[in-house]
Each structure stands twice: as structure tokens, then as C-alpha cells.
Amino acid sequence: EATKEAFGLLSEETDDTMACCVRFLTELHTEYTSPGFLDHAKNEYTRVFIGPDKMVAPPWESVYCNKQGLLFQESTLEVRSFYQKFHMLPEGYPHVADDSLVLELDFMSRLAGKCLEAFRVGNIDSVKYYLNGQNVFLQDHLLIWVPKFLEKMANAPSEYLYPQMCLVLNDFLKRDKKIIEEILDVVKTSEGNKEM
């Protein structure tokens, strides 16, 4: 319910991606209780992200940032360095690829949480710091490679869960950047007004 409410808040129109996702989540909740749903979801995940066939859409940034499509490249080190600026590293470090989609989204979520904590105690400098971090990470990382990943996901052997989630992710990242920039503008404007 909280997820549906959040997507509802992000929805701008009755037929936009977020509104469609709310409907999808409602259907998914109903499907989840039906027999065989979890087996179907596990099989779909296995086909998309494990095999037996070659992975159509690898979920790591480095694969999309070098011509050979290799893991653990320079972009991986850039992502790791970005995490370290905010005193974070993945739990499996150094044995995991820091630039996986899951880890990058988790990083963004943690920055948003720290931003909210800073806002609650009135620490506007920290609010700006975490918002700027999110904005730069979106611009220099997620919004660079995720659209390429999503293009490939369109050809993945998935008919139910992942096509919907990919549409939402693409739209969400763009909206997140827009919202972050709007908040940063408000913070800068309010600081300018205080100086007057």
C-alpha cells in the first residue's frame, strides 16, 4: 500500500507510467496469492538474470560503459569512489560488482534517507550535500546506463514482472532527478532570501 501511495504521488496524469504501475501493483497483489505465482516469478527471474541462455540485459553499469561489455572496469571504480565519498561500500565489498543496478539504487535510497534525517533536524547544509550527491549520481551514472539496460530488457525472456518494472524505473529516475533539482532550487532561493 505504501508503494502504491508513493507511485500515486509521483503520478502526473491518470494514464502515465506511475498510474499504470499502481494498477499493475494492484493486479500483482492479487496474483501473488494465486497458486504457482512464486514459481512463475522465480522461473522468470532465472531466465532473465541467470540462464541457461546468455544474459540479454546484464544489470551492471560497467557492461554498458566499455566496448567489450566487461565487468569490473573503470566505471566500477568510479562508482565505488562515489560511494566512499559518502562513507558507504556494498556489504560484499570487494567481492561484488559495486555498479550493479541493485547496489546503485540502494545507494540512492540511503542518500535520500540521510537527506531526510538532515532535513528533520534542520541541517540544510547536509540536505544540500545529499541532494547534490543524488543529483550527480543520477546524471553521471544511472541516467547514462540504465536507458541502455532497459532497451536490452525489452528483448529479455520476460512477459510479466520485468517489462512493467523497467518502464517504471526509467520514468522514476527521470522524475527523481527533476524533483531533486526542484528541491535544490527551493533551498538555494530560500537561502538567498535569508541573506537579504
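The values are calculated or read from the model by the stated rules, or taken from the named source; none is laboratory data. This one's a predicted model, so the numbers in the text were calculated from it and none came from an experiment. Cβ placement follows ideal geometry from the backbone for every residue including glycine, while neighbour counts extend to all protein chains displayed. To get the accessible areas, we keep the full protein, side chains included, count just its heavy atoms, and leave off ligands, DNA and RNA. Shrake-Rupley method; radii C 1.70, N 1.55, O 1.52, S 1.80 Å.
Side notes on the structure shown:
- Scanning the stretch 161-189 for residues that are at pLDDT 85 or above and either among the polar types (S, T, N, Q) or open to solvent by 70 Å² or more (accessible area, probe 1.4 Å) (or both) returns Asn170, Phe172, Lys174, Lys178, Glu181, Glu182, Ile183, Asp185, Val186.
- Top-ranked residue of the stretch 100-141 - restricted to ones that are over 18 Å from Pro90 (Cα atoms) and small (Gly, Ala, Ser), ranked as surrounded by the fewest Cβ atoms within 10 Å (Cβ to Cβ): Gly122
- Note on the stretch 120-165: among residues that are in a loop (DSSP other than H, G, I, E, B) and either among the hydroxyl-bearing types (Ser, Thr, Tyr) or at positive phi (or both), the one that is farthest from the chain's Cα centre (by Cα) is Gly122.
- Figure legend. Inter-residue proximity from the stretch 103-130: first residues among the polar types (S, T, N, Q), second residues open to solvent by 60 Å² or more (accessible area, probe 1.4 Å), beta-carbon distance below 8 Å, spacing 6+ or different chains. Indicated pairs: Ser126/Lys114.
- Near pairs, Cβ below 9 angstrom, 6+ apart or cross-chain, from the stretch 34-46 (closer than 11 Å to Tyr160 by Cα) to any residue that is open to solvent by 90 Å² or more (accessible area, probe 1.4 Å) and not in a loop (DSSP other than H, G, I, E, B): Ala41/Tyr32
- Highlighted here are the helices (runs of 4 or more DSSP H) found entirely within the stretch 12-84 that include at least 3 residues which are modelled with pLDDT of 85 or more: 37-49, 61-64.
- Residues of the stretch 48-58 classified as open to solvent by less than 90 Å² (accessible area, probe 1.4 Å) and touching a Pro at 6+ places or on another chain (Cβ under 8 Å), total: 3
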